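Bear in mind that the values in this text are calculations on the coordinates, not laboratory data. On a predicted model such as this, the values are computed, not experimentally measured, just so you know. Every residue, glycine among them, receives a Cβ derived from its backbone with ideal geometry; neighbour counts consider all protein chains shown.
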Amino acid sequence: MTASSKQSRRDAVCGGHADIVVVGGGPVGALAAIRFAREGRKVRLVEARAKAAPLNDARALALSWYSREALAAAGAWPDDLPCTPIDTVHVSQQGAMGRTRLNREDLKLPHLGVVVDYPALTQAINAQLETAGVEVLWQTRVTAVISLSGYATVNVSGPEGEAALTSRLVVLAEGGALADSLPGVRRRIHDYHQCAVLAEVRTEKAPDGVAYERFSRQGPFALLPHGDDYMLVWTRSHEDADRLREADDDSVISELQEAFGQRQGRILSVGPRATFPLALRQVNRVSSGRVVLIGNAAQTMHPVAAQGLNLGLRDAIGLADALQGLDDPGDASGLAVYAAGRRLDSHAVVGFTHGLIQLFDGHSPVVSALRGMGMSVLDSVPPLRRAFARHLVFGV
Ligand SMILES: Cc1cc2nc3c(=O)[nH]c(=O)nc-3n(C[C@H](O)[C@H](O)[C@H](O)COP(=O)(O)OP(=O)(O)OC[C@H]3O[C@@H](n4cnc5c(N)ncnc54)[C@H](O)[C@@H]3O)c2cc1C
């Protein structure tokens, strides 16, 4: 490439300075970009995926009613988006007494939440980007981020080569790998040495709005209503996950039936198993100069409490609210408001999720009895149960 063709490629890609560059077009980055563009900012979003590439991802996500409403308010929840309501969450443990049920009546909401497939959700939000006026660079990867005093730069690599984009603010919503290069930002990483095993499960009784969270001897699992079936999310060791992936369906069914019991009748079938390695990653600070982190880039957590995306969407909304009306979106004062506003929610949800894993790790009869007592108290004291459900649905 000659110097002049490099320059014209650079101009074609950059098209001048933007107010905000968002890195990552997952649900969190896309929601933030839509909010910024709707407020009149010039926004570019850089996404490594090709626009038309199919998203092969088995995740079905439990979204709280708050998250669903926030996406609808941003025009990113089409009426025909396939989803399954959750009206009750039933929490129990294997081999000991005690259980808790959270109901939509506790919070007087139409539903506690909904279950939606990650690919369908991401595509629905992505479909609103251009309508909202966001300029999207598809199939383009950000390779470096640099914050300077008056602006920030991201280096990108796409089908036509490399370029640099400048903006007053860079929002990292790419999952977190780029955070390691930011001055002052460190990521705490805890490897659970576990996988989430996902599979579609059909039970004798239809889900009817009931989601299950069960702490079994082999590891906690969720059964999320997914159309007429359930989506299983089972935390297992890497060895167990490999075995379950390769095992014949009947032996997976009998293992799950033993861990779950007969609440939904017999388990009739189980689909192919997909696995996701699990780790906790959390940054010590969510901004560095003119770069700010949201969603999984700020915190990636264990899926046991189904909180990761819910928290990430609240990051996107919190950032858009904090910067609203500011002339310079990268100004330190706006980013400080965002950081202060998100600190409690992020630390509480990450702490709760991590604590849950530790709490249900032991299987001694005494520990099981204490856990059971805790669940029974939560179940039988409505104000406590309502407060707990409110935090799960609306955040802290
Ligand atoms: C098994 C499992 C089950 C889960 N279940 C739930 C649940 O029930 N409820 C819930 O709330 N959460 C759940 N989560 C968590 C949830 O999936 C994440 O919190 C959510 O996907 C984070 O969204 P995000 O937009 O921040 O990041 P992502 O969804 O990871 O999107 C990041 C985007 O950035 C792009 N990208 C990456 N690097 C670059 C780069 N260098 N340049 C440009 N683009 C880049 C990627 O292509 C991607 O599109 C679950 C997670 C797992 C693993």
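At a temperature of 10 °C and a viscosity of 1.306 mPa s, determine how fast the range 307-360 diffuses translationally according to Stokes-Einstein, using the Kirkwood radius over alpha-carbon pairs as Rh; express D in µm²/s, rounded to the nearest whole number. It diffuses with D of about 130 µm²/s by this estimate.
If you average the C-alpha positions of the range 256-299 and of the range 314-360 separately, how far apart do those two centres end up, in angstrom? Using only Cα atoms to place each centre, the spacing works out to 20 Å.
Start at zero, step by 5 Å, and the Cα-Cα distances of the range 336-381 spread as 5, 18, 15, 19, 16, 10, 8, 6, 3, 0 percent across the bins. Full extension of the chain segment joining T143 with D57 gains 28.6 nm, where the gain is 0.36 nm per residue of separation less the Cα-Cα distance. Principal axis extents of the Cα atoms in the chain, from largest to smallest and rounded to whole angstrom, are 70, 44, 39.
Would you calculate the volume per residue, in Å³, of the smallest convex hull containing every Cα atom of the range 319-396?
97 Å³
Pair-distance distribution P(r) for the range 120-257, from all Cα-Cα distances in 5 Å bins starting at 0: 2, 7, 12, 13, 11, 10, 11, 12, 11, 7, 3, 1, 0 percent.
From the square roots a ≥ b ≥ c of the eigenvalues of the alpha-carbon gyration tensor of the range 287-335, which class results: rounded (a/c under 1.5), prolate (a/b over b/c), or oblate? Here the range 287-335 falls in the oblate category. For the range 13-114, the equivalent ellipsoid derived from the alpha-carbon gyration tensor has semi-axes of 36, 17, 12 Å in decreasing order. Name the residues of the range 321-356 whose amide N is less than 20 Å from a point 7 angstrom out from the Cα of H190 along the C-beta direction? Residues 343-356 fall inside that zone. The Stokes-Einstein estimate for the range 207-347, based on a Kirkwood radius over Cα pairs and taken at 37 °C with 0.692 mPa s viscosity, is a diffusion coefficient of 184 µm²/s. Over the Cα atoms of the range 198-259, the radius of gyration divided by the Kirkwood radius equals 0.95; this is the Rg/Rh ratio.
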